[in-house]
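Trainee: My questions will all concern the structure given below.
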Amino acid sequence: MEDGNTTTPFLDSDQDDILNGSSIPQAPEGFKSGFIAIIGRPNVGKSTLMNQLVGQKIAITSPVAQTTRNRLRGILTTPEAQMIFVDTPGIHKPHHQLGKVLVQNAQIAIDSVDVVLFVVDGTVESGGGDRFIVELLTHTQTPVILGINKSDEQPPDSQRLDESYAQLAAPNNWKFTKFSALTGDGLEALQQLLIDHLESGPYYYPPDLVTDQPERFIMGELIREQILLLTREEVPHSVAVTIDIVEEDPKITRILATIHVERDSQKGIVIGKGGGMLKQIGSAAREQMQKLIAGKVYLELFVKVVPKWRQSRLQLSEFGYRVEE
């Protein structure tokens, strides 16, 4: 979509020229490219990292763990390489069908990419969750880089914390580096380390694209992010969002969306007293959408109860949560 001279580099569903490769240039000699899976425990900063790397918000972030659901691809193109980042759900012990699908997708990603970036929380020592992921990674032939995130939040004497992760990397001869996904400190070194692990290859996407997800998907994620931020633990992960209608004209984009929850009590929380919570969610999401499309947005939200949708493979599929092939 365009507003004046501003173009938002997202993939629209009708952009056949991009899908068939006609607008993808030929890569120069020595150019590198590849797919990089960002994996780790829940809430270690994977989505924040990908947003920082691609320079634009495409993945939602929240203090609530397990916010990432779909394998979102972020694209970073530099003069020497194109890196396609796959943001995966936090690897954890699943407690419902949705959790099983998310973890299965994360495990599949490990073997279907060129490099794995294993992100850990540098403010705490390594634990059982990290060792569980290390065990998964020992069974893959994919190169692994260990990224110690949140360097900006580490105490002055962080040697003990860093050493606990160095001990995870050493037996497997993994390279490791420290950075802050929040401030961007150390990301240049991380990028170079990733490029060093890539092989020569073509442009997979046009150089100005930052994600292969359609705008409708990103819109739904922006609404879900505000629900997580504003309701916190009250409506943790029982929420799915579908974008029902998008109507565009030169002055405004009209969007109708449905928020799906599992119980009537959750519907009441999302709507709030006198509809106050729903208005807050809509207002905050609309602001983010206007940045996304670089134009004015009218957003109307509806709330629907769909009992036990996270336990239904059919319902999961309808809401866009499928096991990756």
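The values are calculated or read from the model by the stated rules, or taken from the named source; none is laboratory data. Treat the numbers as computed from the prediction; the structure is a model and nothing was measured. Every residue, glycine as well, gets a Cβ built from its backbone with ideal geometry; the counts of neighbours run over all protein chains shown.
Trainee: For the structure I just gave you, tell me whether residue 247 is surrounded by fewer than 18 Cβ atoms within 10 Å (Cβ to Cβ), within 26 Å of residue 82 (Cβ to Cβ) and either free of Cβ contacts under 8 Å to residues at least 12 places away in the same chain or in contact with a Gly (Cβ under 6 Å, 6 or more places away or on another chain) (or both). Reasoning before the result, please.
Mentor: Working: surrounded by fewer than 18 Cβ atoms within 10 Å (Cβ to Cβ): yes; within 26 Å of residue 82 (Cβ to Cβ): no; either free of Cβ contacts under 8 Å to residues at least 12 places away in the same chain or in contact with a Gly (Cβ under 6 Å, 6 or more places away or on another chain) (or both): yes.
So residue 247 does not fit the description; no.
Trainee: Now, a different point. Please work out which residue is surrounded by the fewest Cβ atoms within 10 Å (Cβ to Cβ), limiting yourself to segment 107-120 and to residues that are under 16 Å from residue 49 (Cβ atoms) and in contact with an Asp or Glu (Cβ under 9 Å, 6 or more places away or on another chain).
Mentor: First, the residues of segment 107-120 that are under 16 Å from residue 49 (Cβ atoms): 109, 113, 115-120.
From what's left, in contact with an Asp or Glu (Cβ under 9 Å, 6 or more places away or on another chain): 109, 118, 120.
On the way: 109: 22, 118: 27, 120: 27.
Among residues in segment 107-120 that are under 16 Å from residue 49 (Cβ atoms) and in contact with an Asp or Glu (Cβ under 9 Å, 6 or more places away or on another chain), the one surrounded by the fewest Cβ atoms within 10 Å (Cβ to Cβ) is 109.
Trainee: (1) surrounded by 14 or more Cβ atoms within 10 Å (Cβ to Cβ); (2) more than 21 Å from the chain's Cα centre (by Cα); (3) more than 19 Å from residue 178 (Cα to Cα): which one isn't true of residue 126, the others all being true?
Mentor: Result: residue 126 fails condition (3) only.
Trainee: Look at residue 255 and say whether it is within 19 Å of residue 58 (Cβ to Cβ), at pLDDT 90 or above and surrounded by 18 or more Cβ atoms within 10 Å (Cβ to Cβ).
Mentor: Working: within 19 Å of residue 58 (Cβ to Cβ): yes; at pLDDT 90 or above: yes; surrounded by 18 or more Cβ atoms within 10 Å (Cβ to Cβ): yes.
Yes: the conditions hold for residue 255.
Trainee: Further question on the same structure: Restricting to segment 134-152, give me the number of residues that are on the phi < 0 side of the Ramachandran plot and buried (at least 22 other Cβ atoms within 10 Å of the Cβ).
Mentor: Of all residues in segment 134-152, those on the phi < 0 side of the Ramachandran plot come to 134-149, 151-152.
From the residues that got through so far, the ones that are buried (at least 22 other Cβ atoms within 10 Å of the Cβ) too are 144, 146-149.
Residues flagged as on the phi < 0 side of the Ramachandran plot and buried (at least 22 other Cβ atoms within 10 Å of the Cβ) within segment 134-152 amount to 5.
Trainee: Mind counting the residues in segment 122-151 that are among the acidic types (Asp, Glu) and modelled with pLDDT of 95 or more? Don't jump to the end; show me each part of the working.
Mentor: Filtering segment 122-151 down to residues among the acidic types (Asp, Glu) leaves 125, 130, 135.
Filter once more, so that each one left must be modelled with pLDDT of 95 or more: none.
Residues meeting the conditions: 0.
Trainee: Return the residues of segment 185-201 that are touching a helix residue (DSSP H, G or I) at 6+ places or on another chain (Cβ under 9 Å) and surrounded by fewer than 15 Cβ atoms within 10 Å (Cβ to Cβ); say none if nothing qualifies.
Mentor: 185
Trainee: Somewhere in segment 276-285, is a residue out of contact with any helix residue (DSSP H, G or I) (no Cβ under 8 Å at 6 or more places or on another chain), modelled with pLDDT under 90 and more than 30 Å from residue 113 (Cα to Cα)?
Mentor: no
Trainee: Given the criteria outside the structural domain of residue 73 (by TED's automatic domain parsing), in a strand (DSSP E or B) and among the small types (Gly, Ala, Ser), does residue 257 qualify?
Mentor: Numbers: outside the structural domain of residue 73 (by TED's automatic domain parsing): yes; in a strand (DSSP E or B): yes; among the small types (Gly, Ala, Ser): yes.
The answer is yes for residue 257.
Trainee: Against the definition (at pLDDT below 70, over 22 Å from residue 231 (Cα atoms) and over 19 Å from the mean Cα position of the chain (by Cα)), how does residue 290 come out, yes or no? If you could, list the steps in order and put the result at the bottom.
Mentor: Numbers: at pLDDT below 70: no; over 22 Å from residue 231 (Cα atoms): yes; over 19 Å from the mean Cα position of the chain (by Cα): yes.
Spelling it out, it is not the case that residue 290 is at pLDDT below 70, over 22 Å from residue 231 (Cα atoms) and over 19 Å from the mean Cα position of the chain (by Cα).
Trainee: Turning to a different aspect of this structure: Please indicate, with yes or no, whether at least one residue in segment 202-221 is at pLDDT 90 or above, under 30 Å from residue 308 (Cβ atoms) and either surrounded by 14 or more Cβ atoms within 10 Å (Cβ to Cβ) or in the same structural domain as residue 124 (by TED's automatic domain parsing) (or both). Step through it out loud before you land on a result.
Mentor: Start the filter on segment 202-221 by keeping residues that are at pLDDT 90 or above, which leaves 202-203.
If we keep only those that are under 30 Å from residue 308 (Cβ atoms) as well, we get none.
Checked segment 202-221: no residue is at pLDDT 90 or above, under 30 Å from residue 308 (Cβ atoms) and either surrounded by 14 or more Cβ atoms within 10 Å (Cβ to Cβ) or in the same structural domain as residue 124 (by TED's automatic domain parsing) (or both).
Trainee: Another question about this same structure. Taking the stated definitions as given, is residue 60 at pLDDT 90 or above and under 13 Å from the mean Cα position of the chain (by Cα)?
Mentor: Numbers: at pLDDT 90 or above: no; under 13 Å from the mean Cα position of the chain (by Cα): yes.
The answer is no for residue 60.
Trainee: Say we look at segment 170-184 and pick out the residues that are surrounded by fewer than 19 Cβ atoms within 10 Å (Cβ to Cβ) and among the small types (Gly, Ala, Ser); which of these is nearest to residue 29 (Cα to Cα)?
Mentor: The qualifying residue nearest to residue 29 (Cα to Cα) is 184.
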